[in-house]
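Visitor: The structure that follows is given in the form of structure tokens.
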Amino acid sequence: MRKVLPVDAATLVKTRRSVRKFKPEPVSREVVCSILDLATWAPSAHNAQPWRCIVIDDENVKVKLAKEMGRVWLSDMLRDGVAKEKAEEIVRLESWERIIKSPIIIIVCLTTENMHKYPDKRRRRAEYLMGVQSVAAFIQTLLLSAHYHGLGACWVCAPLFCQGVVRKVLGLPRNVEPQAMITMGYADEKPTPPTRKKLKDICFFNSWAPR
């Protein structure tokens with residue numbers, strides 16, 4: 001099992017990149033399970049661990065998912081006034097090819113079955129957002145785990161825009177909500193380090209005080 005061996009946690013965090021191009025080399029289920037097992041150590045509200053994952057390594061399922069997600073996106077763009085030819089090209093490059101050419105697809109979902117239940121809308125919304133935040137923490141840990149194991153990955157939020165078709169293709173129950181898609185494989189590119197905002201522009205002490 002190939003692994004990245006960073007000198008410290010800071011190096012792991014700072015060298016992780018969003019990788020969108022992968023080698024055709026398959027990724028074993030053993031490696032995928034090791035990545036996911038490490039990711040389960042992410043923090044979560046009430047320790048509810050509300051994340052659920054569907055790992056897709058079957059080409060037929062990838063094709064079906066790509067077709068259905070692409071169909072919804074195309075319809076949305078046409079409704080927004082995007083020219084059909086341009087919209088079809090965007091779907092082909094940004095949806096179809098990214099899904100089909102990724103050795104592993106992980107659909108990360110939220111379930112609120114172990115979250116607290118409240119009678120009022122305000123607290124129900126807060127509890128739901130706590131679940132969403134917990135899933136986001138899991139995804140970040142998953143990305144770092146993939147990097148540690150020597151794989152590249154990219155966090156894609158497209159399932160939020162077409163939850164119905166994702167549910168249908170994967171047979172998800174009603175109480176399981178698709179939140180994100182992680183494309184994963186052995187990297188076939190080396191993305192340049194992204195720029196970061198200065199700390200003084202995002203962090204303030206004791207009160208809101210942007211400069």
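The values are calculated or read from the model by the stated rules, or taken from the named source; none is laboratory data. Remember, it's a predicted structure, so these values are computed and weren't measured experimentally. Cβ: placed from backbone, ideal geometry, glycine included. Neighbour counts: every protein chain shown.
Visitor: Could you tell me whether any residue of segment 145-153 is at negative phi, part of a strand (DSSP E or B), of a type in the set (A, V, I, L, M) and buried (at least 20 other Cβ atoms within 10 Å of the Cβ)? Let's see the steps before the verdict.
Guide: Keep residues of segment 145-153 that are at negative phi, which gives 145-149, 151-153.
Right, trim to part of a strand (DSSP E or B) and you get 152-153.
After this cut, where a residue has to be of a type in the set (A, V, I, L, M) as well, the list is 153.
Next, only the ones that are buried (at least 20 other Cβ atoms within 10 Å of the Cβ) stay: 153.
Checking segment 145-153: at least one residue is at negative phi, part of a strand (DSSP E or B), of a type in the set (A, V, I, L, M) and buried (at least 20 other Cβ atoms within 10 Å of the Cβ).
Visitor: For segment 27-71, which positions are in a helix (DSSP H, G or I) and touching a Gly at 6+ places or on another chain (Cβ under 8 Å)?
Guide: Initial filter on segment 27-71 (in a helix (DSSP H, G or I)): 29-39, 45-47, 59-71.
Selection gives A45 alone.
Visitor: Could you say whether any residue in segment 48-58 is modelled with pLDDT under 95, closer than 30 Å to L129 by Cβ and surrounded by 16 or more Cβ atoms within 10 Å (Cβ to Cβ)? Write out each step before concluding.
Guide: Our first condition is that a residue be modelled with pLDDT under 95; within segment 48-58, this holds for none.
Taking every residue of segment 48-58 in turn, none turns out to be modelled with pLDDT under 95, closer than 30 Å to L129 by Cβ and surrounded by 16 or more Cβ atoms within 10 Å (Cβ to Cβ).
Visitor: Could we say that T183 is assigned to a loop (DSSP other than H, G, I, E, B) and among the hydroxyl-bearing types (S, T, Y) here?
Guide: On the way: assigned to a loop (DSSP other than H, G, I, E, B): no; among the hydroxyl-bearing types (S, T, Y): yes.
Answer is no for this residue.
Visitor: Let me ask something else. Please go through segment 72-94 and pick out each residue that is assigned to a helix (DSSP H, G or I), over 17 Å from the mean Cα position of the chain (by Cα) and acidic (D, E). It would help to see each step written out before you state the result.
Guide: Step one: list which residues in segment 72-94 are assigned to a helix (DSSP H, G or I), which gives 72-79, 84-94.
Checking which are over 17 Å from the mean Cα position of the chain (by Cα) leaves us with 72-79, 84-93.
Result: D76, E85, E88, E89.
Visitor: Something else: Which of the residues that make up segment 95-116 are in contact (Cβ under 8 Å) with a residue 24 or more places away in the chain and in a helix (DSSP H, G or I)?
Guide: Our first condition is that a residue be in contact (Cβ under 8 Å) with a residue 24 or more places away in the chain; within segment 95-116, this holds for 95-96, 98-116.
Listed by number, the residues that qualify are S95, W96, R98, I99, I100.
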